[in-house]
1. Could you work out which residue, out of A:S13, A:S32, A:S113, moves most in a Gaussian network model of chain A, that is, has the largest mean-square fluctuation with Cα springs under 10 Å?
2. Rounded to a whole number of µm²/s, how large is the Stokes-Einstein D of the protein assembly as shown at 20 °C and 1.002 mPa s, given Rh as the Kirkwood radius over C-alpha pairs?
3. Taking the Cβ-Cβ separation of C:K401 and B:L219 as r and a Förster radius of 51 Å, what is the calculated FRET efficiency to the nearest 0.05?
4. Could you work out, residue by residue across C:446-459, how many beta carbons of other chains sit within 10 Å of that residue's beta carbon, and then give the average as an integer?
5. How high is the relative contact order of segment C:350-467? Use alpha-carbon pairs under 8 Å, at least six apart in sequence, and give a whole percent.
6. So if I place +1 on the C-beta of Lys and Arg and -1 on the C-beta of Asp and Glu, and nothing else carries charge, what would the dipole magnitude of the protein assembly as shown be about its Cα centre? I want it in debye, nearest 20.
7. Take every residue in peptide C:115-126, count the Cβ atoms of other chains within 10 Å of its Cβ, and give the average of those counts.
8. Whole Å is fine, so just give me how far the alpha carbon centre of segment B:205-229 lies from that of segment C:85-113.
Amino acid sequence: MIVAGCDVGSLTSKAVILNDKTMLSHAVVRSSFRPGDSARAVMDQALDVAGLKMDEVRYCVGTGYGREKIPFVNKVYSEIACHARGARHLMPSVRTVIDIGGQDCKAIRLDDSGAVVKFVTNDKCAAGTGRFLDVMARLLGVNLDELGSLSAQAQAPLSLASTCTVWAQAEVIHHLNENTPIADIAAAVNQAMAGRVAILARSVGIDREVCMTGGVAKNTGVLTYLEKLLDVKIRRLRIDPQIVGALGAAFYAWREYRRCAG
Amino acid sequence: MMEEMREAARALYHPLVRKWKEAGKTVIGYPCTFVPEEIIHAAGMLPYRMRGIGTTSLSIGDTYFGPVICSLPKCMLQLAGEHAYGFLDGVIITNGCDSMRRLNECWRKAGEDIPGILPGYFHYFGVPHKAASYSYEWYEEEIRELIKSLEEHFGVKVTEKALRKSIRLYNESRRLLQKLDDLRSGTEARMTGEDALTVILAGSAMPREEYTALLKTLLKDLKKALPIDKGRKRLMLVGSSNDDPEFVRLIEDSGALVVADSLCFGSRSYEDLTNEEGDPVASLSRRYLNQCRCPRMFGCYQDRLSLILDKAEKARVDGVILQNIRFCDLHGSENGIFERDLEARGIPCMRMEREYGPLVETGRIRMRIDAFLERIA
Amino acid sequence: MKRETREYRFDWMIWSILHHAAMSTGGTRKEYERLLDLVPHFRDVLDSFIRHGEPGRLFLKLIAEYAGMCITARERGKKVALTTFCMATPLLFAFDVVPIMLEAWTVLGTIVLRRGTAEYLDYCSEVGFTETSCSAQRGALGALLAGLAVRPGFIVCDSPGICDTNANSFSFTSAYLDIPFFQLDYPPSIMDERATGYQKKDFRELIVFLEAHTGTTLDENTLREVLDEVRLQDGLASELIDLMRLKPSPVPGLFDIMLYGGRFMMNGKKIYTELLRSMLRTAQANAAAGISGTTSKRERARGLFCYIDHYTTDARFWKWMDEQDISHLGSILFTFWHSDAPYARERPGEAYHIDSSSMEAMVDTLAAQMSRMPMIKQIRGPYDAPGMWLDDLLGAVRLLKPDFVAYIGSMGCRNSWGVNKLLARDLEREGVPAVILFADAFDDRVQSWESVIDKMDEFLQLRRIGI
């Protein structure tokens, strides 16, 4: 039985196709201004990889910022539920999920049965979101993907005094003008990001195991600092951390379809 | 009749205020539940609770206030600066909280730059933060000074007889609102939270006599109405000012029903009644200062917790949304302890910090409400 | 909060640094310089005080004593009150209560610790307290909430009616930790009889609360002794402020924090009198030599701070002022409104007068003193009402003749951010250049120190101050 999950975020859209509980394919595309178009594009790509067609999908669950605007879904779930569900599948012992997306950051605590018991989101400003890293990478003239690994190359890592994106930019420019090595500044950027996320994670309460989802989980610099700050090992997931929400959505689709059918 | 209520809740200068003004009568604005409306009413004027709705920019608000100030008084100043409050003959500012009390200076100074935005009557009303015997006396004196200044400025007389009549009228309408609460939070809820807020808002901006009559009709109709709570999660909304029915609708559209609240524009304005016997000024002082529902009254956390617990039990709520406007430390941090203490008693909570003003971030708010409802499903 | 941070008690750690710093001054210059190499983390802060000679050493001794008094209070069987900087200490000392002031401990932390109080600040948010609340309390409060500081027996604060966010942090702590709470609540005016009457009644309630929680009553002789010491201290402070009026000002900039910091912690104790006398001697000697109190002995410009100072890392704010040859003419934290204070001479109605003739008179004196503490006096009503912030500031401007006025505050300060633009405008109209700095005096992460001085430099350049 083919089901799908589609996660339309502010920066990227993700889709996962399952056959029963086995993942057949996934796809990630950059979101356009029209959530419906992004959803269609990412689904087409995922279906293409799996060699399937839209009408073979029995049930589809939508999630993400643009979930209400996806034309082909049967039901929608919040990103919180989907990230929790996806992480739980990949790592049954997970109790805390930290998800950092392009526009917000979430910390989710699960109980033994996998139910969400508490969550907090930071959506006040860009600090502590993927956007912060995006802005900083651009300022440093490095690729967003490189920013994380640059931390490891730092000789004398700096620390940024400001956590506010606007003020931190001024500081980064100041360091650039002083010819500080890029890696040392990058380390500071990753550390500032981790500091902001740690506050959020602690306010939800850290239970082990901890895992991280969302695009920023690929940034090893942030991940390492966060482990240090929270004094806990953050487990790496087996798949692209960006698609965990879509994976969760696909599992909800599977459950919903079984419920309807059965 | 709901349409009349909606009209009064939707716009600042709505038809009923217009009618009042066209009859040559006076309107007095005030920003906080700690100002005794009865006094203004007994002076033959319309007490009008100011709001910050419909702003499209904060260009004026941000000129005078600094960046780390609550957006509610900023929006009020913006509206004043745009002459939207031109219909107010007078304004009473109170130290409800620090952001609000600085509206006094910011409005006056903006008035020096933009002619015609400062009402001729502009009064500061100081409210204590505790309810001790001498605080009641202070508040009584504050009322007497308010009466004196209204009388002098507008050439009116606030008689004891008129004051007693106003107290009775306000008590009557507050009792009706309490009955409305019963219909809203009872086993079979008959009204949405969105409509309930609309009704309360209308009351804060229309002549009380007409409002009371409308309430009576509304209650009669509601008793016959069909229950609407089937399959919906019952929520309580707690925290700082919300005068936006659309925010409540956003919550209810996700499949919930806001069956109770403890909000500034909300049940806080009618849950306490005034003693109709004895000296009316002393009774009003007790009515207004003895309400510990706002965290501006320091050191009364346990009382507020009990009130919320009672209400949660009575309204059989499935969860509580603890919201506050950014920079409101009073509600924001108390929400932190509420969360701890309510969750410990098995009542799921969600905290939310937001900006006052046009609802723009609906996507994110919706996502969190959905996640909360999924959590308590 | 990191695990290693949780392993050290905040207050003991600070006390230990201060205590050893204060002891380091006993030896020779050479010994002292060797010692500096051994304490890389606090050599700068230590040196900023030691460089000021005897007054600096006495100040170090005073704060080490204050810190020691706080951390050992319970062991010594003393009652401990959690309180705020603007709560005058004489009444508490007369009750033999040890006052733990959140802001004093926050400042000790931000000055002494390498990363300031960042982790403690953030810990407050982690347990549910708002991150927008004032960092002056949050710094030390985080340590208290995490169980890393002495747990107080009761809470007394006098900020209701003055500052919501301050009062709220005490009210929050009371609810969060379940500790008895008393508030002195202030009306929006100060000079009228109604306000005075209200304050007197409220103050007597405070005494009732203290009696109940200490199990003692106020002793007339002890109280008189404390008040006599206060009278002495008021006189010395007045002389010091008078000297500040000279051009150049013979008073070193760091004396600013020593004057009010010492008073917040130890008003009514002999060690503060000793400090004042020592500061006065230095300033008088400078005045006799006709030199400025700056290290270079020159005065390029005179600066007044309309709210508070900047407290992070090694007291570098005062160091920067000194290097710039700018005399620090104080901030509103400077004013206590004793009747002989230079700023109060022409406004006797706003000042307090010490009357120790009877118990009643002494209690009234203390009530009046408390109600005139920095912030308590001028932040209560509309900023331009009689005796409020604008009056006080213009008074100080006329008295001390600064070349500029700067605002530094905290992001939690609704009250000052509600009117500081209006204040700056009024000052400019008086012909005084005024600048508002978007810094947080207790948290570098809001705006880095480098940006703060960049802004100051830019302002001084643009307005051609001291050029």
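Where a number appears in this text, it was derived from the coordinates with a stated rule and is not lab data. If you're wondering where the values come from, they're calculated on a predicted model, not measured in any experiment. All Cβ positions, even for glycine, are placed from backbone atoms using ideal geometry, and neighbour counts span all protein chains on display.
1. Among A:S13, A:S32, A:S113, the largest GNM mean-square fluctuation belongs to A:S113.
2. For these conditions, the coefficient is 68 µm²/s.
3. It comes to 0.15.
4. Values: counts 6, 7, 8, 1, 6, 6, 1, 0, 2, 0, 0, 0, 0, 0.
Mean inter-chain Cβ contacts per residue within 10 Å come to 3.
5. Over segment C:350-467, the number comes to 17 percent.
6. Details: 138 positive and 144 negative charges, 438 e Å.
Magnitude of the dipole: close to 2100 debye.
7. Rounded to a whole number, the mean comes out at 3.
8. If we compute the Cα centre of each part, the gap is 56 Å.
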